[in-house]
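Nothing in this text is a laboratory measurement; each read-out follows from the coordinates by a stated rule. Just so we're clear, the structure is a prediction, and the values are computed from it rather than from any experiment. So basically every Cβ, Gly included, is an ideal-geometry build from the backbone, and we count neighbours across all protein chains shown.
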Amino acid sequence: MEMKDKTQSAGSETRRSFIKKAATAAAVASTPSLFTTPVYGQNQAPSANVAGANDKLVIGVVGLGGQGTLHLRNFLAMKDEKNLAVGAVCDLWTKRREAGAAEATGAKAYVDYRKMLEQKDIDAVLCATVDHWHAQVSIDSMRAGKHIYCEKPMSRYLDEALAVADVAKETGKVYAVGAQACSDAKWLKAAELVSEGMIGQLVLGQASYMRNTPKGEWNYSIDPAFAQDGINWQNWLGPNVHDRQEFSPDSFFRWRKYYPYCAGVLGDLFPHRLHPLIMATGAPEFPSRVCAIGTKTIHTDKNTPGTPERDVPECMTLIAEFPSGYSIMVCSSTVNEYGLEDVVRGHLGSLLVGGNSVDLRIERPFTDEYDPERFQNLRPGESVAVNDANWVDCIRSGKQTNANIDLAVRTQTVISLGEMSDRLGTACHFDAATRTITDGCGRKVDPITYGTLEPS
């Protein structure tokens, strides 16, 4: 079967257009209603402080670790092109706060982000804090009239994610989550092809995010300059963390290993695959059932002297089912780097998403009716800068971002139910209309949150 590229003859294009219309009609006819709750952010007027093309957009950055500093530098690099400025930086650690202020010349420096939100000229906030602060910073920012870009995951637990989505709907602020693959042209093309019905009704998606780190993933170097007198440790822990460690440089730099602050690969790596895989459906749904299994058998932390054993698994496999009948399978590992292909499968064909291309493969029974195609040179790849720019552009236009609140809350529901499934040892069934969770026998299960399980 010969693979055609995206350039075709006029006759072939006419035939393809006819097939596309027929496939779209069939897909729509066979797909039930995908949304059981209101779609957040849709059909709303732009918020009051959407900036026009000639208005300077002023951004505040909260959290100046590696990722926060990357965003800061992206905004500074695009300040002339996008007519923006970084007006404030905030970090609990004195060293990072002073370094951020030095890079963003003229920006005010804050220890407490709530004080930063009082700065009247701040239009938007970038949140790159530890995970257990994501939801509160997002909610406080939107209620203060600021648009918000929050690094992934959107929250630590499910109740927080739903609260963030409610406030986004209430305020109409432009929201983006830090899953840069959502601005990757190949995944946007995949979503377009699915929406056009080119692979028929969806069947199964798969993806993986694999690493192999012999000394233990996230065992980052500890800066010897980090000292207790340079940070308010209780503020870093925040009001919700249940297991309140004494001042701990290991927790500060390696927090992704520990349940009080993160869900491990589910919180750090899964979002990079789940967001685009769910976005590619063209109509993201809340999951109806999620099962996950985590394992920890290599014990890589033993190879880094002085660090405690991680709480979180080294490997995780997750399966999620959606009301339309579509299901996804995603796995992630920190002890083996051989992964799965990124594939979206439908009844008529499959999309192989990789590199900078999308291959449309037709299922054998339909090869006489449909043509395979290859879409190549789809730039720019998984770029944080492009996701940042998309957020800025949407603030000006009032449109939804690629990594918008609708997608974010549905994806976080998969992540949070996956953590529950693994830690509680049960399948988690979710009713989006009532926001209730039940096990396989129909018994209600309370969502886990701070203090539910140990450690937390």
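For the reader, a short list of remarks on this structure follows.
- Test: residue in the stretch 142-158 that is crowded, with 24+ Cβ neighbours inside 10 Å, aliphatic (A, V, I, L, M), in contact with a helix residue (DSSP H, G or I) (Cβ under 8 Å, 6 or more places away or on another chain) and not in a helix (DSSP H, G or I): yes
- Taking the stretch 230-276 and the helices (runs of 4 or more DSSP H) fully enclosed by it, the elements with 1 or more residues that are touching a Phe, Trp or Tyr at 6+ places or on another chain (Cβ under 6 Å) and over 16 Å from Arg156 (Cβ atoms) are at 233-237, 249-253.
- Residues of the stretch 219-234 classified as closer than 20 Å to Arg256 by Cβ and over 25 Å from the mean Cα position of the chain (by Cα), total: 6
- Subset tally (residues that are of a type in the set (Gly, Ala, Ser), buried (at least 24 other Cβ atoms within 10 Å of the Cβ) and farther than 17 Å from His272 by Cα) for the stretch 163-196: 2
- In the set Pro323, Pro276, only one residue is buried (at least 22 other Cβ atoms within 10 Å of the Cβ) and over 17 Å from Thr426 (Cα atoms); that residue is Pro276.
- Odd one out for Asp250 among (1) touching a Ser or Thr at 6+ places or on another chain (Cβ under 9 Å); (2) within 30 Å of Met329 (Cα to Cα): (2)
- Residue in the stretch 364-383 that is closer than 16 Å to Ala165 by Cα and surrounded by 15 or more Cβ atoms within 10 Å (Cβ to Cβ) present: no
- Unique residue being out of contact with any Asp or Glu (no Cβ under 9 Å at 6 or more places or on another chain) and either more than 30 Å from Thr304 (Cα to Cα) or of a type outside the set (Asp, Glu) (or both) when the list is Trp236, Trp187: Trp236
- Hits in the stretch 398-422 - residues which are in contact with a Pro (Cβ under 8 Å, 6 or more places away or on another chain) and in a helix (DSSP H, G or I): Asp406, Leu407, Arg410, Thr411, Gln412, Thr413, Val414, Ile415, Ser416, Leu417, Met420, Asp422
- Considering each residue of the stretch 402-418 in turn, none proves to be farther than 22 Å from Val330 by Cβ and crowded, with 16+ Cβ neighbours inside 10 Å.
- Scanning the stretch 311-323 for any residue that is among the hydroxyl-bearing types (Ser, Thr, Tyr), touching a residue at least 40 places away in the same chain (Cβ under 8 Å) and at negative phi turns up nothing.
- Exactly one residue out of Ala225, Ala207, Ala181, Ala163 is small (Gly, Ala, Ser), farther than 19 Å from Val384 by Cα and assigned to a helix (DSSP H, G or I): that is Ala163.
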